[in-house]
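Data first, discussion second: the structure below is written as structure tokens.
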Amino acid sequence: MKRELQLDETTPTQEQVAKIFDLAKRVLDISPWEFMIEWQILAVQHAADDTSYVFVTGEMGDYLSVQIYSSFDDVDAMLRIAEGNHQDMFDIMFGMPQLKLVFAKANELLPGDRERIKASGITFKRGKNPSFQSLMPGYDNCFPGGREIERMTVCLEQLLFMLEGGHAIPAINCPMDPICTRVYREGGWEQEMKTHPLLHQEPDLSVSEELLDQVLCLPMQDMTMACGCFVVPTSFREKGSRPAIARAFMLMDVESQVILGMDLLVPEPGKLWNIRIALDAILKKFIAFGFCPSQLRFNGILLREVGEQFCDMIGVAYDGRRFGPLLKAVNEIMSRL
């Protein structure tokens, strides 16, 4: 079962922060990326329906980190991310909830990291400064909330138990292989080798009923539109906040390659990104046009996952091919902003 996600707006206590910096120093002292590969996964089962998945990156000497995911599906997708194209990689990465301990250069730290490192009183190696990061769907990396810090603490403690104690964490060769799992029960931790099946949960295909009713009453025009929705990375961050990550949304006429509309989409304050935001944006455009196209094509992995079902919902034909000129137009416009 996949844990229900919510933004953690709680503030970590000084004790929580002090403890997790101590754990970061112990991780750095061991430097697990020097002897571990990404497919050596440790599962930490907090409760029957709540498991974290922990793995280490940096075996090639870059991006030294401990990463924590809330579902095995996300772990599998993340470790296979290089198989997709560059834009798909971005869209997948920023759509996955994850907690990370990254050892970064000074110019790669998040706002507030330097102050937290100094306050910890711990000296870290040059170029390997700890940065604790929370990445939630619809938002950029930021310092974790109190509940997230607590989860990271438990996961790092269990990882260190394995590493400092010289216990092996076997690599898996496929998702069906058993995973080394630390299980909390009856007030203590036990260890098992157990399988963690992929859930393959379907995306939540829901739209505004009010908008859908209006679109179903519109006339249909014989034309093909392409639509896309892509993560727009940014280096701008507001100190002390969880900055939203915008997604560029565009509609284009396939025959003429004329842009019919473009918006930047973000979640409502305090809420997570959901593909419904993009689907509702499409419906609003059709209502503004006063008609529906007879056929739709989709760019971007987020929309392509639900494109065929969405077309069935609104009664238009589905064309499964991507439309390259749309992504090119989005990139050209965003490069000028």
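The values are calculated or read from the model by the stated rules, or taken from the named source; none is laboratory data. Please read all numbers here as calculations on a predicted model, not as lab measurements. Positions of Cβ are backbone-derived with ideal geometry, glycine not excepted, and every protein chain shown enters the neighbour counts.
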Determine whether region 181-202 contains at least one residue that is touching a residue at least 24 places away in the same chain (Cβ under 8 Å), in a strand (DSSP E or B) and of a type in the set (A, V, I, L, M, F, W, C).
-> yes
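For D62, are the conditions met, namely being over 16 Å from the mean Cα position of the chain (by Cα), farther than 30 Å from N331 by Cα and acidic (D, E)?
Here the answer is no, as D62 does not meet what is asked.
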When you go through (1) part of a helix (DSSP H, G or I); (2) among the charged types (D, E, K, R); (3) free of Cβ contacts under 8 Å to residues at least 60 places away in the same chain one by one for E38, which number turns out not to apply?
-> (1)
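Please verify whether region 162-175 includes one or more residues that are in the same structural domain as Y139 (by TED's automatic domain parsing), part of a loop (DSSP other than H, G, I, E, B), of a type outside the set (S, T, N, Q) and on the phi > 0 side of the Ramachandran plot. Show your work before the answer.
Start the filter on region 162-175 by keeping residues that are in the same structural domain as Y139 (by TED's automatic domain parsing), which leaves 162-175.
Still in the list and also part of a loop (DSSP other than H, G, I, E, B): 165-170, 172-175.
Add one more test, that the residue is of a type outside the set (S, T, N, Q), and what stays is 165-170, 172, 174-175.
Narrowing further to those that are on the phi > 0 side of the Ramachandran plot: 166.
Within region 162-175, one or more residues are in the same structural domain as Y139 (by TED's automatic domain parsing), part of a loop (DSSP other than H, G, I, E, B), of a type outside the set (S, T, N, Q) and on the phi > 0 side of the Ramachandran plot.
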Result of the Cβ filter at 7 Å on region 299-328, keeping first residues that are outside any loop (DSSP other than H, G, I, E, B) and partners that are at pLDDT below 95 and among the polar types (S, T, N, Q), at least 6 apart or interchain, is L326/N299; L327/Q87; L327/N299
First in region 205-217 and in contact (Cβ under 8 Å) with a residue 60 or more places away in the chain, second anywhere and surrounded by 14 or more Cβ atoms within 10 Å (Cβ to Cβ) and among the basic types (K, R), Cβ under 8 Å, 6 or more apart = S206/R276; V207/R276; S208/R276; L211/K284
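Looking only at region 130-152, which residues are more than 19 Å from Y63 (Cβ to Cβ) and either assigned to a helix (DSSP H, G or I) or free of Cβ contacts under 8 Å to residues at least 40 places away in the same chain (or both)? Steps first, please.
Applying the first criterion (more than 19 Å from Y63 (Cβ to Cβ)) to region 130-152 yields 136-139, 145-151.
Within region 130-152, G146, R147, E148, I149, E150, R151 meet the criteria.
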If K105 passes every condition in (1) in contact with a helix residue (DSSP H, G or I) (Cβ under 9 Å, 6 or more places away or on another chain); (2) touching a residue at least 24 places away in the same chain (Cβ under 8 Å) but one, which one does it miss?
-> (1)
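Got a sec? Which of R322, R247 is crowded, with 19+ Cβ neighbours inside 10 Å, in contact with a helix residue (DSSP H, G or I) (Cβ under 9 Å, 6 or more places away or on another chain) and of a type in the set (K, R)?
Numbers: R322 fails: crowded, with 19+ Cβ neighbours inside 10 Å.
After applying the criteria, what remains is R247.
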Output the residues belonging to region 172-213 that are modelled with pLDDT under 95 and among the small types (G, A, S).
-> G187, G188, S206
Take V231 and decide whether it is crowded, with 17+ Cβ neighbours inside 10 Å, among the β-branched types (V, I, T), within 23 Å of Y139 (Cβ to Cβ) and in contact with a Lys or Arg (Cβ under 7 Å, 6 or more places away or on another chain).
-> yes
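Can you confirm whether region 279-289 contains a residue that is under 18 Å from the mean Cα position of the chain (by Cα) and small (G, A, S)?
no
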Between a first residue in region 241-260 that is closer than 16 Å to R322 by Cβ and a second residue that is modelled with pLDDT of 95 or more and in a loop (DSSP other than H, G, I, E, B), which pairs have beta carbons less than 7 Å apart while being 6 or more apart in sequence or on different chains?
-> M252/V258
From the option list E186, E209, single residue qualifying as within 24 Å of I277 (Cα to Cα), loosely packed, with under 14 Cβ neighbours inside 10 Å and not hydrophobic (A, V, I, L, M, F, W, C) is E209
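From the list G127, G121, G95, which one is crowded, with 19+ Cβ neighbours inside 10 Å and not polar (S, T, N, Q)?
G95
Please pick out the residue among G145, G188, G166 that is within 23 Å of the chain's Cα centre (by Cα) and among the small types (G, A, S).
Working: G188 fails: within 23 Å of the chain's Cα centre (by Cα); G166 fails: within 23 Å of the chain's Cα centre (by Cα).
Going through G145, G188, G166 in turn, just one is within 23 Å of the chain's Cα centre (by Cα) and among the small types (G, A, S): G145.
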